[in-house]
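Engineer: The following block contains the structure, expressed as structure tokens.
Please treat every number below as a calculation from the coordinates, not as lab data. Here the structure is a predicted model, which is why all the values come from computation and not from measurement. Quick reminder, even Gly has a Cβ in these numbers, built from the backbone with ideal geometry, and neighbours come from all protein chains shown.
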């Protein structure tokens, strides 16, 4: 009974409070306007910092050890496969070793500063250039260049873009949390993808496989 | 949904001759080093050791002089599931789709980055072929240099298991693409345990291909989910209808009988039937 009594009393107290607040409402209108303004302002600040500031915080920019002119080398050597070739067992050699560069660059061929660095730091010392690989996939991924280039007849541009005509190496952007290249997650913070090489996540592989082969394939087709 | 992804479907399987196996454990060692399987500082407690391939010891339970021993290597059985449709016990329970059945190879995968370690698959596996990583792998100094780059190492909190050295299949397929072939040869894809066995007890190949040694050894019945037609061959826990792709061969009756649980009198009935089959 006591409980019920308390409830009814409380109920009447609340009703009184409501009556008071409706009287005060007229006076608080300007305060409400300010509140809305503050909310919109704060939302805009948070929104913009999330979409514009955070990506630049998330990725660190690293410069390549030296600049490499792809356009010049393609002109001199011919296609991509003169340096990025398949080994006899079908595996892909990827970025050439200093040794294979030395097949031509036994001594300095041009007069660029970058070649001078390459000769002095890597050829003479017999060291490999620590290139930062834009398209390096996580360790659990098995990517077969042979399946795509030889069996499916795709060209390099389909996935790697027009890197062959570039004269400068762009900075390598590394995700500070995962350590992966930004080319994997994608450049566009909105997730908009215009070219196949804009993003290289698993869903992008799966989309193309679904389209071209009719199936995403079993897990082990691309995992190891 | 298209079930097989590219061209011809393989059905890779293994035949282990238990009469040849000496129990030396070479297959276990080869497997661990091939697949970057981590080990503990102190391996005396086997409860949480990781052994993708493990050798069990069976005895006929008889006193001297009739005692007989048999060693049974046990990799992942890569079950086809009931009806051989790819509903393996582990695949059908995984809530994360971290393990799936490859319809083009018949191999059950395990994706470590997808697994979140609920261990439901370990419970469902009747062969105890799955293992849980209780710790992050810790390699002795310098040993990281020995790890295979073709197999991704696992972290703490995920399940792992034998993959029939799938990376070797991936490499064989790369070579086939390079040489513009559609199929890979029998000797191009062999597991590490097969090659390491000094007694030649393990045979590996395509169970769909009558030219392959595994097919000749067990003569799998395609109309009966690959049940061996050779009377000396058997699969472990056949009655569960998991349809494993690992077959065992033994001349010894008690070994074949140990492969499953038989009710009283059931074995004699079954044995008489197979004997009668052999006479036809």
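Engineer: For chain B, with a Gaussian network of springs between Cα atoms less than 10 Å apart, report the residue from B:240, B:18, B:217 with the top mean-square fluctuation.
Structural biologist: B:240
Engineer: Sticking with this one: Looking at the stretch A:104-224, what % of the alpha carbon pairs are farther apart than 25 Å? Mind dumping the intermediate values first?
Structural biologist: Numbers: 2849 of 7260 pairs.
Across the stretch A:104-224, Cα pairs with separations above 25 Å total 39 percent.
Engineer: Between the stretch A:82-126 and the stretch A:154-211, what is the C-alpha centre distance in whole Å?
Structural biologist: 25 Å
Engineer: Follow-up. What FRET efficiency do you get for residue B:59 and residue A:81 if R0 is 45 Å and r is their Cβ-Cβ distance, rounded to the nearest 0.05?
Structural biologist: That pair, residue B:59 with residue A:81, gives E of 0.15.
Engineer: Rank B:162, B:94, B:79 by mean-square fluctuation in a GNM of chain B with C-alpha springs under 10 angstrom and give only the top-ranked residue.
Structural biologist: In the Gaussian network model the winner is B:94.
Engineer: How high is the FRET efficiency between residue A:120 and residue A:155 when r is their beta carbon distance and R₀ equals 45 Å, given to the nearest 0.05?
Structural biologist: The formula returns an efficiency of 0.80 here.
Engineer: To continue, here is another question. Suppose R0 equals 45 Å. What FRET efficiency, 1/(1 + (r/R0)^6) with r the Cβ-Cβ distance, do residue A:98 and residue B:195 give to the nearest 0.05? Please list the in-between numbers first.
Structural biologist: On the way: r = 34 Å, r/R0 = 0.76.
Efficiency, from the Cβ-Cβ distance: 0.85.
Engineer: Report, to one decimal in Å, the Kirkwood hydrodynamic radius for the stretch B:165-271 based on all distinct Cα pairs.
Structural biologist: Computed over the stretch B:165-271, the radius equals 15.7 Å.
Engineer: For the stretch A:24-177, what size does the Cα cloud have along each of its three principal axes, sorted from largest down, in whole Å?
Structural biologist: 87, 40, 28
Engineer: Nearest-5 percent of antiparallel DSSP beta bridges in chain B?
Structural biologist: 80 percent
Engineer: Take every residue in peptide A:208-214, count the Cβ atoms of other chains within 10 Å of its Cβ, and give the average of those counts.
Structural biologist: 1
Engineer: Does the stretch B:1-126 come out rounded, prolate or oblate, given a ≥ b ≥ c as the square roots of the eigenvalues of its C-alpha gyration tensor, rounded meaning a/c under 1.5 and, failing that, prolate meaning a/b above b/c?
Structural biologist: In terms of gyration-tensor shape, prolate.
Engineer: Okay, next question. Take the Cα pairs of the protein assembly as shown, get the Kirkwood Rh, then feed it into Stokes-Einstein at 10 °C and 1.306 mPa s and tell me D in µm²/s. Walk me through the numbers on the way to the answer.
Structural biologist: On the way: Rh = 27.8 Å.
Roughly 57 µm²/s, to the nearest whole number.
Engineer: Related question: Note the angle between two axes, namely the Cα long axis of helix A:202-213 and the longest principal axis of the Cα atoms of chain A, as a number of degrees from 0 to 90, rounded to the nearest 10.
Structural biologist: Taking Cα atoms only, the helix is inclined about 60 degrees.
Engineer: Another question, if that's okay. Give the percent of DSSP beta bridges with both residues in the protein assembly as shown that are antiparallel, rounded to the nearest 5. Intermediate values should be presented prior to the final figure.
Structural biologist: Working: 26 of 31 bridges.
So the antiparallel bridges amount to about 85 percent of the total.
Engineer: Provide the three semi-axes, in whole Å and in decreasing order, of the ellipsoid equivalent to the stretch B:118-197 as defined by the square roots of 5 times the Cα gyration tensor eigenvalues.
Structural biologist: 28, 19, 12
Engineer: Output the 0 to 90 degree angle, nearest 10, between the alpha-carbon long axis of helix A:2-48 and the longest principal axis computed from the alpha carbons of chain A.
Structural biologist: 40 degrees
Engineer: A further question follows. Please compute, for peptide B:171-182, the average count of beta-carbon atoms on other protein chains lying within 10 Å of each residue's beta-carbon.
Structural biologist: What the average comes to for B:171-182 is 6.
Engineer: Over all alpha-carbon pairs of chain B, lay out the pair-distance distribution in 5 Å bins, whole %, shortest bin first.
Structural biologist: With a bin width of 5 Å, the distribution comes to 1, 5, 11, 16, 18, 18, 14, 9, 5, 2, 1, 0, 0.
Engineer: Another one. Counting alpha carbon pairs within less than 8 Å and at least 6 residues apart, what relative contact order, in whole percent, applies to the stretch B:12-279?
Structural biologist: Taking the mean separation of contacting Cα pairs over the length of the stretch B:12-279, I get 25 percent.
Engineer: To continue, here is another question. Taking the highest mean first, how do the peptides B:126-137, A:71-82 order by number of other beta carbon atoms within 10 angstrom per residue?
Structural biologist: B:126-137, A:71-82
Engineer: Of the candidates B:63, B:198, B:220, which one comes out as most mobile in a Gaussian network treatment of chain B with C-alpha springs shorter than 10 Å?
Structural biologist: B:63
Engineer: Related question: Take residue B:120 and residue A:168, extend 7 Å from each Cα along the Cα→Cβ direction, and tell me the distance between the two endpoints in nm.
Structural biologist: Rounded to a tenth, the inter-label distance reads 5.3 nm.
Engineer: I've got another one for you. From the helices alone, meaning DSSP H stretches of at least four residues, give me the mean residue ellipticity at 222 nm for chain B, per-run term -39500 (n - 2.57), in deg cm²/dmol to the nearest 500.
Structural biologist: Mean residue ellipticity, 222 nm, calculated: -6000 deg cm²/dmol.
Engineer: Continuing with this model, one more query. Take the stretch A:86-139, drop everything but the C-alpha atoms, weight them equally and run the Debye formula without solvent; then report log10 I(q)/I(0) at 0.12, 0.16, 0.28 Å⁻¹ to two decimals.
Structural biologist: Scattering profile of the stretch A:86-139, log10 relative to I(0): -0.35, -0.59, -1.14.
Engineer: Defining a contact as two alpha carbons under 8 Å apart and six or more residues distant in sequence, what relative contact order in percent does the stretch B:122-220 show?
Structural biologist: 17 percent
Engineer: For chain A, what is the relative contact order in percent, using Cα pairs closer than 8 Å and at least 6 residues apart in sequence?
Structural biologist: Over chain A, the number comes to 24 percent.
Engineer: Please order B:238, A:106, B:41 by the number of other Cβ within 10 Å, starting at the fewest. Walk me through the numbers on the way to the answer.
Structural biologist: Details: B:238 15, A:106 10, B:41 7.
With the sparsest Cβ surroundings first, the list reads B:41, A:106, B:238.
Engineer: I've got another one for you. Once you place label points 7 Å from the Cα toward the Cβ at residue A:72 and residue A:203, how far apart are they in nm?
Structural biologist: In this crude label model, residue A:72 to residue A:203 measures out at 4.1 nm.
Engineer: What does the average come to when, for each residue of peptide A:129-142, you count the partner chain Cβ atoms lying within 10 Å of its Cβ? Intermediate values should be presented prior to the final figure.
Structural biologist: On the way: counts 0, 0, 0, 0, 0, 0, 0, 0, 0, 2, 6, 8, 2, 8.
Per residue, the average neighbour count from other chains is 2.
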